[in-house]
Amino acid sequence: MGWQKKILRVDLTAGTCVAEPLNMDWANQYVGARGLATRYLMEGMDPAADALSPENNLIFANGPLGGTMASTSGRYVVVTKGPLTGAVACSNSGGKFGAELKFAGYDLLIVTGKSEEPVYLLIEDDDVSIKSAAHLWGKTVWKTEETLKAQHHSEDMKVASIGVAGEQGVYYACIVNDLHRAAGRSGVGAVMGSKGLKAIAVRGSRGIRVDDPKRFMQVVKEKNAKLWIDPSRKGLTKTGTLAMIDVMQSFGGLPTNNFKDVQFDGVGKINHKAVTTKDRNGHQNLITNKACFGCTIACGRIAHVDKDHFTVSNRKEYWHASGGLEYETAFAFGPVVGVDDVNALTFANYLMNEHGMDPISFGVTLAAAMELYEMGVLTLEQTDGIPLTFGNAEALTVMAEKTGKFEGFGQELALGSKRLCEKYGHPELAMVVKGQEFAGYDSRAMQGMGLGYATGNRGACHLRHDTFTQDFEDIGTTGKAEACKTSQDDVSAIDSVGICLFTASAWDLGDLADQLDAACEGEWTAERLRESGERTWNLERLFNMKAGLTMADDTLPPRMLNDPVKTGTAKGNVNELDVMLPEYYSLREWSESGVPTDAVLKRLDLGAFSL
Amino acid sequence: MKVKLDLSGELDDQLPDSAVQAWATPDGGSLAQLVSSLPFADRVALTSVNGVMVPPDKRNAYILNDGDEVMMLPPIKGG
Amino acid sequence: MFKSLHIDPDKCTGCLQCELACSLEHTGEFNPARSRIRIFEFEHGLRNVPYTCTQCDEAWCMQACPVSAIDIDTSTGAKDVAESVCVGCKACVSACPFGTINFNPDSGKVDKCDLCGGDPKCAEACPTDAIIYGDADWSGLDKMRRSAAMTQIGR
């Protein structure tokens, strides 16, 4: 058990909702969540189809441990073809929505087709219906969730929805659940919008069984104890990921002013000490921490904006607490756009959640626009009279809102860095891989991170591999290809079990296998999980190649490859992708042009997908 | 000699402020010696001196000077 | 020593481990919808409040039951529902001022916290000690101490 062994297919063109048994052969090969959903995606669509066409599939999936007492078991993924990248998208979210979908009885929800009229999906165990969302279209995520709960007289209902950004096809629109948890990257929210699907509302009361409850609880207790004493876990509980900003500053890898620099003077105003200290008005940004479903880490931040701050002083509706800054949001609204006003950063974060947009892609896109503005390519007239200068906090919050509402210059920022910079004749200023914006780590200071960005199946991403330790200990390229490849496979496996990556400092694949083994039929080992992770990675690669991507897409912007980093530990370095990439392909058993060989496909039982 | 400690992440309240401002360490001592003298040595993952990262395998060879600013962080991953 | 559940919402992160543990104990499945302790979330997750039966002495549910299906477990003080006697009339649900006794559509009877016979799984599962099972005599003592600490007199 572990799985509910049932999936739900919703065809919005035909208006049908049908449950069917989970394909257990695939579950055994791909485990769940990320891997399993990718397998279903491969079956369900032509990878070459347009991401915003009805042919695209939008899959919500949780893993076999999802909804159990295994810590962090509330993670779910959204797998689809991403409009931002044209590659496979797999966005991971927490909160309570994913587990609720499983409690309604479904391991996966596959949405296909397109509704002519705006709709939402109502799932109450076996009762599934497609309902008119005429009254929700045009509403924010927060208003949508509030309206649905009131309409169905259920505060317990879990809702995942899109804002206007998703409706209007902002290329990095995300899907937000539980008000401030998001399947954030690659534009999965725009896919949902293209299908006319505004929201999914779920209530579930179908229990999840495990094979051997007594042994499962013994294992869970042991693993939770191991997680509890882990220093990294303690740090996450106390400071969230925000403590990373001091590390990146001192290391010299904190992307600043659209990646022109790697250290940011204002870091002391936005770091974890700043958010836990009262400012001169007596306001403290951070209030408390908050857990996702089943999570014993609780790294989530709950913060509030100072009522007297210019962003909200006349807008009482934003005086409440909500999701606070984490490392990536602090980077994306802070150093990369040069802003050091912690209240502005926090308000921008509110707006991302309220309107449903990926903070990383928004921030890095705004950074590119700021560079274009400072070069004189964009003028005050084009930017609605707002000077897009690095460090302008008002530009950050006003543009965040305009993009969320798809108004004025926000419609240009909605394009994402790649399309925006191409449109204005400077493609080299887009800090992207495969069209997706970098996370908050400079790839000249961190060679392994650069290789991970370049080879990431969903474009630039810091959560598809884990070479942090190697990169901090050695600024060179030695061993990075292997560390990148191995960790990509491991992370794929963790994402497929449906557990949070933040357990990885305490738990290895063996710890996950022990929990799976007690919960599910069959024998689960670390080796089996690692092989499944490698299978998932290769399947994602095959999807991308069938979608038309090639080795030419495994690259970094010229700034990373040619312009030496000016300060910090790695001063003078560029990213040496040309050194690492051939070694990486060879370790992957891919051809020199990055195509998986028949040998590796056969070993991973992927022969049927050979190109 | 005395060095200034900058304790980040979950380490930030491990020592009183006075100790953090001026932590005594033997003259000519290494960064490794300093780390191991702390009550939370096992939780120090990353170190930097005067803003420059010093990886664990270089801590033995790194000789500290009076007045150095030493930052320490627990194990951490980004998100 | 007589024990009771002490709940401190300030420590609750809203992780729902307690709901999972409760449902597993009572149904053999992980199913928060069937948990007898529930976490309520307010203000975008700012406040998370665990709530369950307080085992009040002169229990309204017990007094309302027309078939005397609710009895006191003398070892724990818990008010227990005898499923074989309960007729599922929900009179107790109406009578309880706290809403902590509920109809279970799976069984057709009512469910409430029974303190797991003296070993409450919610308290065992809580990672932050927001729920502890301790001496009933001292149920308000920690809160008193906190209030006392806030007073400026006495130094």
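The values are calculated or read from the model by the stated rules, or taken from the named source; none is laboratory data. Just so we're clear, the structure is a prediction, and the values are computed from it rather than from any experiment. We place every Cβ from the backbone using ideal geometry, glycine too, and count neighbours over all the protein chains shown. Surface areas here come from the heavy atoms of the whole protein model, side chains and all, with no ligands, DNA or RNA. Shrake-Rupley method; radii C 1.70, N 1.55, O 1.52, S 1.80 Å.
Output the residues belonging to region A:230-250 that are closer than 22 Å to C:Lys11 by Cβ and more than 7 Å from every other protein chain (Cβ to nearest Cβ).
A:Asp230, A:Arg233, A:Leu236, A:Thr237, A:Gly240, A:Leu242
Output the residues belonging to region A:496-511 that are of a type in the set (Asp, Glu) and either within 13 Å of chain B (Cβ to nearest Cβ) or farther than 10 Å from A:Leu227 by Cβ (or both).
If the condition is that a residue be of a type in the set (Asp, Glu) and either within 13 Å of chain B (Cβ to nearest Cβ) or farther than 10 Å from A:Leu227 by Cβ (or both), then A:Asp508 is the only one that fits.
Kindly provide the set of residues from region A:493-541 that are open to solvent by 20 Å² or more (accessible area, probe 1.4 Å) and aromatic (Phe, Trp, Tyr), ordered by number.
Passing the criteria: only A:Phe502.
Exactly one condition in (1) more than 18 Å from the chain's Cα centre (by Cα); (2) closer than 22 Å to A:Ala37 by Cα; (3) surrounded by fewer than 24 Cβ atoms within 10 Å (Cβ to Cβ) is false for A:Gly138; which is it?
Among (1) more than 18 Å from the chain's Cα centre (by Cα); (2) closer than 22 Å to A:Ala37 by Cα; (3) surrounded by fewer than 24 Cβ atoms within 10 Å (Cβ to Cβ), A:Gly138 violates only (2).
Suppose the filter is within 14 Å of chain C (Cβ to nearest Cβ) and closer than 30 Å to B:Ala41 by Cβ; does A:Leu227 pass it? Talk me through it step by step, then tell me what you get.
On the way: within 14 Å of chain C (Cβ to nearest Cβ): yes; closer than 30 Å to B:Ala41 by Cβ: yes.
It is true that A:Leu227 is within 14 Å of chain C (Cβ to nearest Cβ) and closer than 30 Å to B:Ala41 by Cβ.
Tell me yes or no: at least one residue of region A:229-244 is closer than 27 Å to B:Met72 by Cβ, open to solvent by 50 Å² or more (accessible area, probe 1.4 Å) and not in a helix (DSSP H, G or I).
Residues of region A:229-244 closer than 27 Å to B:Met72 by Cβ: A:229-244.
Going one step further and asking which of them are open to solvent by 50 Å² or more (accessible area, probe 1.4 Å), we end up with A:229, A:234, A:238.
Among the residues that remain, those that are also not in a helix (DSSP H, G or I) are: A:229.
Yes - at least one qualifying residue is present in region A:229-244.
Taking the condition surrounded by fewer than 22 Cβ atoms within 10 Å (Cβ to Cβ), touching a residue at least 40 places away in the same chain (Cβ under 8 Å) and under 20 Å from B:Asp12 (Cβ atoms), does A:Lys273 pass?
On the way: surrounded by fewer than 22 Cβ atoms within 10 Å (Cβ to Cβ): yes; touching a residue at least 40 places away in the same chain (Cβ under 8 Å): no; under 20 Å from B:Asp12 (Cβ atoms): yes.
Here the answer is no, as A:Lys273 does not meet what is asked.
Within region A:286-306, track down each residue that is open to solvent by 10 Å² or more (accessible area, probe 1.4 Å) and either within 17 Å of C:Glu43 (Cα to Cα) or at the interface with chain C (Cβ under 9 Å from one of its Cβ atoms) (or both).
A:Leu286, A:Ile287, A:Thr288, A:Asn289, A:Lys290, A:Cys292, A:Cys295, A:Thr296, A:Arg301, A:His304, A:Asp306
Going by the conditions given, is A:Asp261 touching a Lys or Arg at 6+ places or on another chain (Cβ under 8 Å) and more than 30 Å from A:Ile175 (Cβ to Cβ)?
yes
Return the total of residues in region A:251-270 being open to solvent by less than 10 Å² (accessible area, probe 1.4 Å) and either of a type in the set (Lys, Arg) or within 9 Å of chain B (Cβ to nearest Cβ) (or both).
Residues in region A:251-270 being open to solvent by less than 10 Å² (accessible area, probe 1.4 Å) and either of a type in the set (Lys, Arg) or within 9 Å of chain B (Cβ to nearest Cβ) (or both): 2 in total.
Those residues that are of a type outside the set (Gly, Ala, Ser) and either open to solvent by 20 Å² or more (accessible area, probe 1.4 Å) or more than 14 Å from the chain's Cα centre (by Cα) (or both), I need them from region A:354-376; list them, please.
Let us first name the residues in region A:354-376 that are of a type outside the set (Gly, Ala, Ser), namely A:354-355, A:357-360, A:362, A:364-366, A:370-375.
Across region A:354-376, the qualifying residues are A:Glu354, A:His355, A:Pro359, A:Val364, A:Thr365, A:Leu366, A:Met370, A:Glu371, A:Leu372, A:Tyr373, A:Glu374, A:Met375.
Any idea which residue in region A:94-126 is farthest from A:Leu22 (Cα to Cα), counting only those that are open to solvent by less than 20 Å² (accessible area, probe 1.4 Å) and assigned to a helix (DSSP H, G or I)?
A:Phe97
Just to verify a result, which residue in region A:69-81, among those that are of a type outside the set (S, T, N, Q), in contact (Cβ under 8 Å) with a residue 60 or more places away in the chain and in contact with a helix residue (DSSP H, G or I) (Cβ under 7 Å, 6 or more places away or on another chain), is surrounded by the most Cβ atoms within 10 Å (Cβ to Cβ)? Working first, answer last.
Residues of region A:69-81 of a type outside the set (S, T, N, Q): A:69-70, A:74-79, A:81.
Restricting the remaining residues to those that are in contact (Cβ under 8 Å) with a residue 60 or more places away in the chain gives A:69-70, A:74-78, A:81.
Pick out the ones that are also in contact with a helix residue (DSSP H, G or I) (Cβ under 7 Å, 6 or more places away or on another chain) and you get A:69-70, A:74-78.
Working: A:Met69: 28, A:Ala70: 32, A:Gly74: 29, A:Arg75: 30, A:Tyr76: 34, A:Val77: 29, A:Val78: 31.
Of everything passing the filter in region A:69-81, A:Tyr76 is surrounded by the most Cβ atoms within 10 Å (Cβ to Cβ).
Let me confirm something: among A:Asn573, A:Asn544, which residue is open to solvent by less than 60 Å² (accessible area, probe 1.4 Å) and either in a loop (DSSP other than H, G, I, E, B) or farther than 16 Å from A:Asn457 by Cα (or both)?
A:Asn573
Looking at region C:16-32, is at least one residue closer than 30 Å to A:Tyr318 by Cβ, within 14 Å of chain A (Cβ to nearest Cβ) and aliphatic (A, V, I, L, M)?
Yes, region C:16-32 has at least one match.
Just to check your reading of the model, which residue among B:Val44, B:Val20, B:Val52 is in contact with a helix residue (DSSP H, G or I) (Cβ under 9 Å, 6 or more places away or on another chain), aliphatic (A, V, I, L, M), open to solvent by less than 30 Å² (accessible area, probe 1.4 Å) and within 14 Å of chain A (Cβ to nearest Cβ)?
B:Val44
Against the conditions (1) more than 28 Å from A:Thr296 (Cα to Cα); (2) not assigned by TED's automatic domain parsing to the domain that holds C:Asp10, where does C:Thr100 fall short? Just the number, please.
Single failed check for C:Thr100: (1).
Suppose we filter region C:104-121 for residues that are more than 12 Å from every other protein chain (Cβ to nearest Cβ) and assigned to a helix (DSSP H, G or I); how many remain?
Step one: of region C:104-121, the residues more than 12 Å from every other protein chain (Cβ to nearest Cβ) are C:107-120.
Narrowing the set further to residues that are assigned to a helix (DSSP H, G or I) leaves C:115-118.
Of the residues in region C:104-121, 4 are more than 12 Å from every other protein chain (Cβ to nearest Cβ) and assigned to a helix (DSSP H, G or I).
Say we look at region A:161-188 and pick out the residues that are over 14 Å from the mean Cα position of the chain (by Cα) and outside any loop (DSSP other than H, G, I, E, B); which of these is farthest from the other protein chains (Cβ to nearest Cβ)?
Only one residue tops the list, namely A:Glu167.
Condition test on A:Val191, is it in contact (Cβ under 8 Å) with a residue 12 or more places away in the chain, buried (at least 20 other Cβ atoms within 10 Å of the Cβ) and either within 14 Å of chain C (Cβ to nearest Cβ) or of a type in the set (S, T, N, Q) (or both)?
Here the answer is no, as A:Val191 does not meet what is asked.
Could you figure out which of (1) open to solvent by 10 Å² or more (accessible area, probe 1.4 Å); (2) within 11 Å of chain A (Cβ to nearest Cβ); (3) hydrophobic (A, V, I, L, M, F, W, C) isn't true of C:Phe2?
Condition not satisfied by C:Phe2: (2).
Only one of (1) closer than 19 Å to A:Thr112 by Cα; (2) among the hydroxyl-bearing types (Ser, Thr, Tyr); (3) open to solvent by less than 30 Å² (accessible area, probe 1.4 Å) fails for A:Ser129. Which number is that?
Unmet condition: (3).
Name the residue that is nearest to the other protein chains (Cβ to nearest Cβ), counting only residues in region A:205-224 that are in a loop (DSSP other than H, G, I, E, B) and of a type outside the set (Gly, Ala, Ser).
Taking the candidates together, the pick is A:Arg209.
Tally the residues that are in contact (Cβ under 8 Å) with a residue 60 or more places away in the chain and either part of a loop (DSSP other than H, G, I, E, B) or closer than 27 Å to A:Tyr584 by Cβ (or both), restricting the search to region A:419-447.
20
Go through region B:1-17 and give me each residue that's touching a residue at least 12 places away in the same chain (Cβ under 8 Å) and either open to solvent by 30 Å² or more (accessible area, probe 1.4 Å) or within 14 Å of chain A (Cβ to nearest Cβ) (or both).
If the condition is that a residue be touching a residue at least 12 places away in the same chain (Cβ under 8 Å) and either open to solvent by 30 Å² or more (accessible area, probe 1.4 Å) or within 14 Å of chain A (Cβ to nearest Cβ) (or both), then B:Met1, B:Lys2, B:Lys4, B:Leu5, B:Asp6, B:Leu7, B:Ser8, B:Gly9, B:Glu10, B:Leu11, B:Gln14 are the ones that fit.
Given the residues A:Ala330, A:Ala321, which is the only one that is within 14 Å of another protein chain (Cβ to nearest Cβ) and surrounded by fewer than 23 Cβ atoms within 10 Å (Cβ to Cβ)?
Going through A:Ala330, A:Ala321 in turn, the sole match is A:Ala321.
For region C:115-127, which positions are open to solvent by 40 Å² or more (accessible area, probe 1.4 Å) and in contact with a Ser or Thr (Cβ under 8 Å, 6 or more places away or on another chain)?
Answer for region C:115-127, where residues must be open to solvent by 40 Å² or more (accessible area, probe 1.4 Å) and in contact with a Ser or Thr (Cβ under 8 Å, 6 or more places away or on another chain): just C:Gly117.
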